[in-house]
1. Could you pull the Cα extents of the range 145-243 along its three principal axes, largest to smallest, in whole Å?
2. What net charge is computed for the residues neighbouring residue 123, neighbours being all others with C-beta under 13 Å from the C-beta of residue 123, Lys and Arg scored +1, Asp and Glu -1?
3. Check which residues have an amide H placed less than 5 Å from residue 212's amide H, if you skip close sequence neighbours.
4. From Cα pairs below 8 angstrom and at least 6 apart in sequence, can you work out the relative contact order of the range 237-377, rounded to a whole percent?
5. At 1.4 Å probe size, with the rest of the protein present, what percent of the exposed accessible area of the range 90-369 is carbon and sulfur atoms?
6. Between residue 13 and residue 278, what is the spin-label point distance in nm, taking each point 7 Å from the Cα along the Cα→C-beta axis?
7. List, in the order given, every pair from 174/361; 132/364; 195/364; 132/174; 132/200 whose Cα-Cα distance in the structure shown is over 29 Å.
8. With the radius of gyration and the Kirkwood radius both derived from the Cα set of the range 170-215, what is their ratio Rg to Rh?
Amino acid sequence: METAHVTIGHVETRPSKKDSERGGASSESSDSAHDVLLSCRATKTQLIHAAELLTQNHGALQAFSIFSINKSKSIDKNQSIIWFPRHISELDRCSKCITKYEPTTDPRHPGHGDEEYIKRRKYLNDLALEFKFGDEIDYVEYTEEEHATWKAVYEKLCDLHVSHTCTVYRQNLKILQTERVLTADRIPQIRDVNKSLQKKTGFELRPCSGLLSARDFLASLAFRVFQTTTYLRHHASPHHSPEPDLIHELLGHVPMFSDPLLAQMSQDIGLMSLGASDEHIEKLATVYWFIVEFGLCKEDGKLKAIGAGLLSAYGELMHACSDVPEHKDFEPAVTAIQKYEDSDYQPLYFVADSIHDALAKLRKYAKFLVLKSIISMFQTIESSADLEKAFSRLSNDLSAITHAADRMKISVSM
């Protein structure tokens, strides 16, 4: 229940009536079935998540069975308290992955049916799942095949850097190459990359086992933590991946997180996501997707990539900068409601006048969403008691955000 962020108000157990009706063991027997009654406060999504966790955790359930979940009281979602991390250690709870294009089940995945690839991927994901705050990141012995896939992508993309990528990316990538943080021959270790990132902007990479929920991903950015996968795309399709992989993280995101302006912008967006409604999280994540993952800007009258999804995939980088897809001016309010394609090349890309223009618009839009959330909260107030509770919640949330911001400023100055 805690993992699913369900608040329990009352717990009661009793011998199961159904067990008695079946003529089962007496209530004094340790083998008899029991009903567990919970009075709790949660959203529908949180209850469903809790039920999923209970049914999966056979070790905790032992002889128990779930009979039903009774909805005794409907709670207005505007009045429910949305959990968010208030300390970097609580990112241990921000690890809920979204299942998409798994090689075990989806024939569209390039690794579908490759048992060795699936086994290797599971091993790396299990290591990531075990990682907790304070742990030293594991040193991974990558295979020669994985190093070869990395090298093929690295060298292929080098051919397009001058003609297809923005100036900020090229400058930061060159520094990382000069410092030997990123090289063509071997896959860098995450903990080595972190040493460089923390010196430059205070950002760090944290292992995760796949595509995170938008809320967990954005919340991590608030603490200058970027959740990164550790597996590589399938060797049969090195120049396009339908999901984030280590190549995407290292070649796409790391050079951009090395830039102080981009790092600050990402943290700002993360801070503004803390405690936001599901609707606003979706909009923030969509805008982030279209500009930080697949965004373009104009430099010298030409289209240049600023999004990590383009900077790490030769095929889509060529596609995005060509005349084939549609291109629209980047306006966050419009971008936020645009549907995106996450299994193939995008049919539409948003273009900013410059990378600084994109960041300014993105930050302004995020602040607008936060203000809208506050106004919505006060519109639900019906009494002085409600007003006091609302001010208390707002004060706690702002204190948490300020605390996180202060921690980040200290880490950067050090």
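The values are calculated or read from the model by the stated rules, or taken from the named source; none is laboratory data. Just so you know, these numbers come straight off a predicted model, no measurement behind them. Cβ coordinates were reconstructed from backbone atoms using ideal geometry, including for glycine residues, and neighbour counts include every protein chain displayed. For the accessible areas, the whole protein counts, side chains as well, though only heavy atoms, and no ligand, DNA or RNA atoms are used. Shrake-Rupley method; radii C 1.70, N 1.55, O 1.52, S 1.80 Å.
1. Sorted largest first, the three principal extents are 35, 30, 24 Å.
2. Numbers: positive: 119, 120, 121, 122; negative: 115, 116, 126, 130, 138, 141, 146.
Counting the neighbours of residue 123, the net charge comes to -3.
3. Distant-sequence amide H within range of residue 212: 98.
4. Values: 169 pairs, mean separation 41.5, N = 141.
RCO, the range 237-377: 29 percent.
5. 52
6. Computed distance between label sites residue 13 and residue 278 equals 3.2 nm.
7. Working: 174/361 27 Å; 132/364 34 Å; 195/364 31 Å; 132/174 32 Å; 132/200 24 Å.
Check vs 29 Å cut-off fails for 132/364; 195/364; 132/174.
8. On the way: Rg = 12.4 Å, Rh = 12.1 Å.
We get a ratio of 1.03 for the range 170-215.
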